[in-house]
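What follows is a short report on a single structure.
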Amino acid sequence: MAADRDSEFAEYMESRANVMRRTAYLLCGDWHRAEDLVQIALTKIYVAWPKLNRNGSVDAYSRQVLVRSAIDESRRAFRRRETPVDALPEVAADARRLDEAMDVRKALAALPAGQRAAVVLRYWEDLSVEETARAMRCTQGTVKSQAAKGLAALRKLLSHTEVFDNPADKTVFEEQR
Amino acid sequence: MNREFRDGDIRDLLGGALDTEPPMNIDRAAVIKAGKRSLRRRRVAAGVGVAAGVVAVALGATALAGPTALFGGPDLGPADSGPKITGTAPPATETTRPTAATTPMTNRTAPSLAAVARLPLNPEDGQSGRLRAIYEAAFTSVRPLPHWADLIPSNPKFEVVDGRLRLLAELKDSQGIGEFRIEVAKLAGPGTERPCGTQSSGKVDAITCEPLDFGEVPGGRLRAVYSVVTSGSYIKNVMTLTRPDGIEITASSTNQRIGGAGGHSRSEPTLTKANLRDVVMQPAYAAW
């Protein structure tokens, strides 16, 4: 019985850990914290695995845990400090894309946790308003207002940057302001 | 521009923030180990929670039913709604206990079942030892028993019932075996003595209540009530003494074994009124 749980959970973890970590990163803006969040979520998923697996609600639960943990963490003052690391990530990328990614990350980091979660879940995870509300444990109206405010803030923060390769894309954002 | 395009555009924008994704460092075995640890903690917490719940309920019951409610069930049964009382004693004078009845009494009310509970006491307990010493002194030094008597079993039981320290034993003499009890309690205040006959449980045919005055002692008078409870062939002699210091001592003797085992083994209780007087008049009693 325990072996079944372990093997099923391991299979799920293999397939979903990377996706979860990306979502966690967008929620918190730090890869190390993202891994912490994913680990917290996976541990909770393991504990509730039989029920979640039976109900087919593993992904929804994992998103809920990630969002709740990220929002809780963001409220802790010590987490707001930068976390020093020994080495820079060894990732090759061209300078322009790195600049763009940095701009987006800065813009995301400037959003309040609730707005960031609403934007990430709605537009990155592609969840409906209803699903996002369940994950954030709030009303659908709150999701709509948080997502709208988050998008507006992102547009404002990115409007003066060169994030968009295609100027038409930037026009789209400008139209929504 | 339609909405799909705009949502997709935002998704691309968010995806752009992930360009510098480092390799994954999450250890699968560590996650599973942490999960198992969490499961264990939950199970332990659940066990502790259940135990705490039981304790809370027990404490609640104790708060409602008295300090010994944790450890036992009801002691006193409901009295018959209309026992026949045949009084032989003179009218009571200056006593808070119900006066001796010379006419049949009706509608006697038994004490509440819910308020009585039982706590077994270790015979090695200091209170048990003192009570046993008094008990033995009463039989060896004061007045000879009507028939040669012995303790069966040799070690009496001790318990606290509804706040009353109790010794419970069986006395054997040449006529058979009978139950014997001593109960010691500290009264809450004047007028809180148990009414005559409330020590009896089950169906009672008759109770006689005789008030007694054992004279003056420092602090006040020694007052007592002697009662005889009968129910069919069952007979119980009860002597209850109330001291000026608020200690109430009740000694009783019956003509059957503890719990009525084997029916009535003798025609009369082992101890007489005079024997019971000697028992309750011992000066060393202390309340629980």
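The values are calculated or read from the model by the stated rules, or taken from the named source; none is laboratory data. The structure presented is a predicted model; accordingly, all values stated were derived computationally and were not measured. Here the Cβ is made from the backbone with ideal geometry for all residues, glycine too, and neighbour counts use every protein chain on show. Side chains are part of the model used for accessible areas, which takes the heavy atoms of the whole protein and leaves out ligands, DNA and RNA. Shrake-Rupley method; radii C 1.70, N 1.55, O 1.52, S 1.80 Å.
Summary of values
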item	result
Criterion: open to solvent by less than 30 Å² (accessible area, probe 1.4 Å) and either closer than 19 Å to A:ALA113 by Cα or among the aliphatic types (A, V, I, L, M) (or both) - qualifying residue of A:ALA17, A:ALA2, A:ALA60	A:ALA17
Failed condition for B:GLY259, given (1) farther than 23 Å from B:ASP162 by Cα; (2) open to solvent by 40 Å² or more (accessible area, probe 1.4 Å)	(1)
Meets criteria (crowded, with 18+ Cβ neighbours inside 10 Å, at pLDDT below 85, within 20 Å of B:ASN275 (Cβ to Cβ) and touching a strand residue (DSSP E or B) at 6+ places or on another chain (Cβ under 7 Å)) for B:ILE182	no
Hits in the range B:262-286 - residues which are surrounded by fewer than 16 Cβ atoms within 10 Å (Cβ to Cβ) and either within 22 Å of the chain's Cα centre (by Cα) or under 23 Å from B:GLY129 (Cα atoms) (or both)	B:PRO283, B:ALA284, B:ALA286
Flag for A:ALA48 being among the aliphatic types (A, V, I, L, M), outside the structural domain of A:GLN115 (by TED's automatic domain parsing) and surrounded by fewer than 19 Cβ atoms within 10 Å (Cβ to Cβ)	yes
Qualifying residue in the range A:34-44 (condition: within 11 Å of another protein chain (Cβ to nearest Cβ) and surrounded by fewer than 19 Cβ atoms within 10 Å (Cβ to Cβ))	yes
Complete set of residues in the range B:9-34 that are among the charged types (D, E, K, R) and exposed (fewer than 13 other Cβ atoms within 10 Å of the Cβ)	B:ASP27
Conditions (1) more than 20 Å from A:ALA24 (Cα to Cα); (2) open to solvent by 50 Å² or more (accessible area, probe 1.4 Å); (3) modelled with pLDDT under 80; (4) of a type outside the set (Gly, Ala, Ser): number failed by A:THR142	(3)
Residues (more than 7 Å from chain A (Cβ to nearest Cβ) and closer than 17 Å to A:ARG21 by Cβ) located in the range B:22-51	B:PRO23, B:ASP27, B:ALA30
